[in-house]
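Enquirer: This structure is in structure tokens; I'll ask about it shortly.
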Amino acid sequence: MPYPLYPAPLPLFASLLLACLLILGRPAVADAGTESSARPDANEQALLDAREAALRRDEAAVRAHSRRIDPAHPLAAYPEFWRLRMLLDDRFEIPDPAALDAEIAAFITAHAGSALAERLLADWLPSLGRRSIWHLFDEYFPLASPRSNDPLWCLAGVSRLLRGLPAGAEPLRAWSERRELGEDCELLTQRMYEAGQLGTDRLDRRLRSALEEKATDTIRVIGRLLGIGADDLGLVLDSPARALAGSGDPRVVLIAIGLLARPSPDQAAERLAERNDIPETDAQLLWAIIGASAGRDLDARAWEWARRGLAADAGRDTREWLVRAAMLAEDWPGVLAALDRLDETDAATPRWTYWRARALTATGASDAARALLALMAGTDGYYPMLAAEESGLAGGRPEPQAEPQPAIDPASLAARPPIARALALYRLGLRGEAQREWLAGLRGASDAELLGAARLACSHGIFDRCINEASRMRGHDEWSLRYLLPYREPLEAAARAHELDPAWVYGLIRQESRFAPAARSGVGARGLMQIMPATGRWIARRRGIGGFRTVSLEEPRTNLDFGTWYMRHVLDGLDGSILLASAGYNAGPGRPARWRASVGRAVDGALFAELIPFNETRQYVQNVIANTAAYAAMLRDEPLLLHRLLGEVSPGIAPGEADGESGPQPAGSPLDDLVQR
């Protein structure tokens, strides 16, 4: 039977009774053995003791515990790895750096190609560069695989400059792509400038990109090299309005108006409009920055300012916000004009292909719009699902496909050393180390290997890796693995207790933790539904649950009960909108309430979702909506229809306008600061 999306809450007594049963009940789905609570054996206990000693920075204890481990154990190298990383830490006094370098080099050579060697190398190379040990840096850098914007590239560029060579394309790309330069890229900046490889034109471009991103440290570094005096730089960064009133330096004026745009686009627009001494290219960039900033504020004037900056040589994020500014105004010819200013690769992404089709429809080019939608329609994600629905091609979950050949036995994958180490680490609860080993064991994997790995992960209860590997397959689609249904009995019981659609609960958990019960975020959110400890305490107080302990958030039933109670709470405070409630779960319920009030009119849910100012929350909401549609198809064999979930977003009442309260946020409780991020 289909679950209602926005039912009335249960009577209080029934809700409390079901909550108690959920908390006291035993989980129906165990975490399948790998991340078990079984007592560790002697080797495992020694490993855990060694890790704890490394965290305490007790080198002697690490060495002592490592001697208790059987050399044949798959994780026997880990204590030495932890010890060497501990010694590399800048806070640790290294009595003999040369001896440490020799130990690290020997470890990397002995474990070449392993995840441990790669991680140690990634820590060691920056240390070598900062200590100017360039002969070792140059010898070992070719073994590294840094990301395109990794500051390690900047150190590689410094090394090349010291050898009389150009910095190189990769270091220059990293130097250009980073928001803030940081220590290593600042060093490259200075060295390139001294070597005559950093002219005024390139510095000016870098200054403008830093201004778009409000990267004040980078503005300070580049501004100094462009000849802006220290006093003027300090003033413009600390007080743009004062600097603007007192300086005639064109670059100071540019920086001042650009920095004013982030807190106050209307003030920046007023200052820009009253000046006639600003070069046209600078003025265009400033209008683009102002329009983008106003778009992030959902200011109705955003497009008025943004259209004056369409011709600017601006970066990706600014250009995309110019498109959204036109969308906010529902100026569909303007949307097409702004889309035409995107980089060709960006314009071809599913996001902007979909919105081009919507703009074409709105401007009467329906045939061209239908062709675009049909071209991108599919079942793999939010925009392909929307395109399929709008082109009349939406179906249910895909039919099972023939398996890729030759089939891979999961047991054979488990025998690979990195995968064997990963499974051993998962058993110890060391998820970060386990994931790195797992990924190393599947580098360059075929669809058949990924399918085998997904099944292996599922058999061990490592549901996040199961979903990830199933989702990485390109020629094979296995929805039963991509959209797993673990913890089904307690999850559906929690959904019933708080009268929620289980498909939405599944969709949200898949985005939050991929069903890893012990998952912890970088800011401390815990468990399946990634609840912050402060949020857990607040929920316990609101519900009159005594004896709450933070560790209970890692128990699946408690986490599900608390998380679904919070979903219900947010949903009720946001007019039963799954779209707004998903945003509220991620960013705090006060924010979507303010966003819809800022838009100021009823809008299509897909449009509202695209206008969400926070990049993380926008992507989160779109993924949760797509996941929810997929789980509705899995649970109830429904077609993949997203618009019924997105609905229409009405202006509502802005927080603080009703009875002195801020919507779902209780008076005196900063709920937006209690949520996951």
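The values are calculated or read from the model by the stated rules, or taken from the named source; none is laboratory data. Computed from a prediction, not measured in an experiment: that's the story for all the values here. In this analysis, Cβ positions are derived from the backbone assuming ideal geometry, glycine residues included, and neighbour counts consider all displayed protein chains. Just so you know, the surface numbers come from the protein's heavy atoms only, side chains and all, with ligands and any DNA or RNA stripped out. Shrake-Rupley method; radii C 1.70, N 1.55, O 1.52, S 1.80 Å.
Enquirer: So, for the stretch 490-530, what is the accessible surface per residue at a probe of 1.4 Å, expressed in square angstrom?
Expert: 23 Å²
Enquirer: Next question. Would you mind calculating the gained length between L226 and S132 on full extension (0.36 nm times residue separation, minus the Cα-Cα distance), in nm to one decimal?
Expert: 31.1 nm
Enquirer: Based on Cβ point charges of +1 for Lys and Arg and -1 for Asp and Glu, what charge dipole magnitude is obtained for the stretch 468-527 about its Cα centre, in debye rounded to the nearest 20?
Expert: Approximately 280 debye in magnitude.
Enquirer: Just want to confirm a number: the relative contact order over the stretch 165-274, from Cα pairs under 8 angstrom separated by 6+ residues, in percent.
Expert: The normalised contact order for the stretch 165-274 reaches 17 percent.
Enquirer: Work from the charge dipole of the stretch 300-448 (Cβ charges, +1 for Lys and Arg, -1 for Asp and Glu, about the Cα centre) and give the residue of A311, P384, G334 farthest towards its positive end.
Expert: A311
Enquirer: Provide the FRET efficiency to the nearest 0.05 for the Q45-F614 pair, computing r from the beta carbons and using R0 = 30 Å.
Expert: For Q45 and F614, the calculated efficiency is 0.10.
Enquirer: So, with +1 on the Cβ of K and R and -1 on the Cβ of D and E, and no other charges, what is the size of the charge dipole of the chain about its Cα centre, to the nearest 20 debye?
Expert: Approximately 920 debye in magnitude.
Enquirer: Also, quick follow-up: Quick check: net charge around W565, other residues with Cβ under 10 Å of its Cβ, Lys/Arg +1 and Asp/Glu -1?
Expert: Net of charged neighbours comes to +2.
Enquirer: For the ranges 173-180, 608-615, 573-580, what's the packing order if you count other beta-carbon atoms within 10 Å of each residue, average per peptide, and put the highest first?
Expert: 573-580, 608-615, 173-180
Enquirer: Can you tell me how much longer the chain between E489 and A348 gets when fully stretched, taken as 0.36 nm per residue apart minus their C-alpha distance, in nm with one decimal? Can you show the working numbers first?
Expert: Working: separation 141, 0.36 × 141 = 50.76 nm, distance 4.22 nm.
Contour length minus the Cα-Cα distance gives 46.5 nm.
Enquirer: Related question: Between R541 and V523, what is the spin-label point distance in nm, taking each point 7 Å from the Cα along the Cα→C-beta axis?
Expert: Label-label distance for R541 and V523, simple model: 1.9 nm.
Enquirer: I would also like to ask the following. Could you rank the peptides 629-640, 155-166 by their average count of other C-beta atoms within 10 Å per residue, with the highest value first? Let's see the in-between values first.
Expert: Values: 629-640: 19.9, 155-166: 18.3.
Peptide ranking by packing, descending: 629-640, 155-166.
Enquirer: Using a 1.4 Å probe on the protein chains only, how many percent of the accessible area of the stretch 253-364 belongs to carbon and sulfur? Walk me through the numbers on the way to the answer.
Expert: Values: 1950 of 4420 Å².
Within the stretch 253-364, the accessible surface is 44 percent carbon and sulfur.
Enquirer: Taking the dipole about the Cα centre of the stretch 479-605, with the C-beta of Lys and Arg at +1 and of Asp and Glu at -1, give me whichever of P502, S598, M567 is farthest to the positive side.
Expert: Going by the Cα projections, it comes out as S598.
Enquirer: About its Cα centre, how strong a charge dipole does the stretch 165-226 have in debye, to the nearest 20, once Lys and Arg get +1 and Asp and Glu get -1 at the Cβ?
Expert: Around 180 debye, computed over the stretch 165-226.
Enquirer: To continue, here is another question. Once label points are set 7 Å from the Cα along Cα→Cβ at both A337 and D313, what is their separation, rounded to one decimal in nm?
Expert: 2.2 nm
Enquirer: I would also like to ask the following. Which order do you get for L55, L645 if you rank them by accessible area with a 1.4 Å probe, largest at the top?
Expert: Values: L55 115, L645 15 Å².
Result, largest first: L55, L645.
Enquirer: While we're here: What order, most packed first, do the peptides 241-250, 432-441 have when packing is the mean number of other Cβ atoms within 10 Å of each residue? Walk me through the numbers before you get to the answer.
Expert: Details: 241-250: 15.1, 432-441: 20.0.
Descending mean neighbour count gives 432-441, 241-250.
Enquirer: Among S264, G546, Y483, whose Cα sits farthest toward the positive end of the charge dipole of the chain (+1 at Cβ of Lys/Arg, -1 at Cβ of Asp/Glu, about the Cα centre)?
Expert: G546
Enquirer: Work out, step by step, the length gained on full extension between S446 and L165: first 0.36 nm times the residue separation, then minus their alpha carbon distance; give nm to one decimal.
Expert: Working it through step by step, the gained length comes to 97.2 nm.
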